[in-house]
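The values are calculated or read from the model by the stated rules, or taken from the named source; none is laboratory data. Here the structure is a predicted model, which means the values were calculated and not measured. We place every Cβ from the backbone using ideal geometry, glycine too, and count neighbours over all the protein chains shown. With ligands, DNA and RNA removed, areas are computed over all heavy atoms of the protein, side chains included. Shrake-Rupley method; radii C 1.70, N 1.55, O 1.52, S 1.80 Å.
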Amino acid sequence: MPKNREIESKTLLEEAVFKEILKSFPTKVEINQANYYFDTADKILKTHRIAFRIRKFPDKAEATLKVPANHQLQATYHEAIEINTDLSLEQAEQLIQGQGSFPGEVGEFLAQHFAGEKFINQTWSKTHRYLLDGPEHVELTLDQTSYPNKLLDYELEIENNNCKDIERTLAKLTAQFKFEINSLTANQSKIGRAYKNAAR
């Protein structure tokens, strides 16, 4: 889908809790992906609260911009407008190496709002993702992510346009697995963590 509204909860977990959730619900899909994050040398996208990545899978890739929503539907969870463009693996690798221009709706948005700017790969992460059939069939995403400085972290995501479903599911999971949601664990963006854990 070229453009959609994303509403999701994001919660960092201890490894032990991550593993307990993983073995408690059926796994629907496992995915390996590499994430490459882009900005200008002076971080113009960061100043506009825009995240820009290329995500590579074993057989395909995609470029994604996450842009603040002008009119948010809720204030509890992470919310953004996603703009996506499919890429071949060859296209993705060229763009990561700084060659060529970004195609599709991603390229159109960048040309419209940031004409003349040079976007370069700033940092990366690698994620092993599990999609689970969670409570009441609400899909859970569990991500184990590694960074250039060798750090690993563990995250639960619940993406759902029904905020009540997110709220109910989180309540069940926190009660069952005894983890805490607070300012240190909630809504910590992957791009922020990738920059924090870039190689020194």
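A search for C-beta distances below 8 Å between a residue of region 178-199 that is over 20 Å from Leu65 (Cβ atoms) and any residue that is surrounded by fewer than 12 Cβ atoms within 10 Å (Cβ to Cβ), counting only pairs 6+ apart in sequence or on different chains, returns Asn197/Asn149; Ala198/Asn149; Ala199/Asn149.
Any residue that is touching a strand residue (DSSP E or B) at 6+ places or on another chain (Cβ under 7 Å), within 22 Å of Ile81 (Cα to Cα) and open to solvent by 60 Å² or more (accessible area, probe 1.4 Å) - is there at least one of those in region 137-146? Yes, some residue in region 137-146 is touching a strand residue (DSSP E or B) at 6+ places or on another chain (Cβ under 7 Å), within 22 Å of Ile81 (Cα to Cα) and open to solvent by 60 Å² or more (accessible area, probe 1.4 Å). The C-beta contact set for region 31-48 (first residue closer than 26 Å to Leu89 by Cα, second residue β-branched (Val, Ile, Thr) and assigned to a strand (DSSP E or B), distance under 6 angstrom, 6+ apart or interchain) comprises Gln33/Thr127; Tyr36/Ile54; Tyr37/Thr123. Residue count for region 156-176 satisfying the condition of being in contact (Cβ under 8 Å) with a residue 60 or more places away in the chain and open to solvent by less than 70 Å² (accessible area, probe 1.4 Å): 8. Take the conditions (1) in contact with a Phe, Trp or Tyr (Cβ under 7 Å, 6 or more places away or on another chain); (2) within 17 Å of Asn35 (Cβ to Cβ); (3) open to solvent by 30 Å² or more (accessible area, probe 1.4 Å); Gln97 misses just one of them, which is (1). The set of residues from region 182-200 being open to solvent by 30 Å² or more (accessible area, probe 1.4 Å) and under 25 Å from Arg53 (Cβ atoms) comprises Ser183, Leu184, Asn187, Gln188, Ser189, Ile191, Gly192, Tyr195, Lys196, Ala199, Arg200.
The numbered conditions (1) among the hydroxyl-bearing types (Ser, Thr, Tyr); (2) under 17 Å from Lys23 (Cβ atoms); (3) open to solvent by less than 30 Å² (accessible area, probe 1.4 Å) are all true for Tyr130 except (3). Using beta carbons and a limit of 8 Å, which pairs, at least six apart or on different chains, have the first residue in region 1-26 and over 13 Å from Glu159 (Cβ atoms) and the second one of a type in the set (Val, Ile, Thr) and assigned to a strand (DSSP E or B)? That search, which allows pairs on different chains as well, returns Pro2/Ile83; Pro2/Thr85; Lys3/Ile81; Lys3/Ile83. The set of residues in region 129-149 being among the hydrophobic types (A, V, I, L, M, F, W, C) and in a loop (DSSP other than H, G, I, E, B) consists of Val138 alone. The residue that is farthest from Glu159 (Cα to Cα), among those in region 28-54 that are among the polar types (S, T, N, Q) and open to solvent by 70 Å² or more (accessible area, probe 1.4 Å), is Thr47. Of the residues making up region 57-79, those that are in contact (Cβ under 8 Å) with a residue 40 or more places away in the chain, open to solvent by less than 40 Å² (accessible area, probe 1.4 Å) and aliphatic (A, V, I, L, M) number 4.
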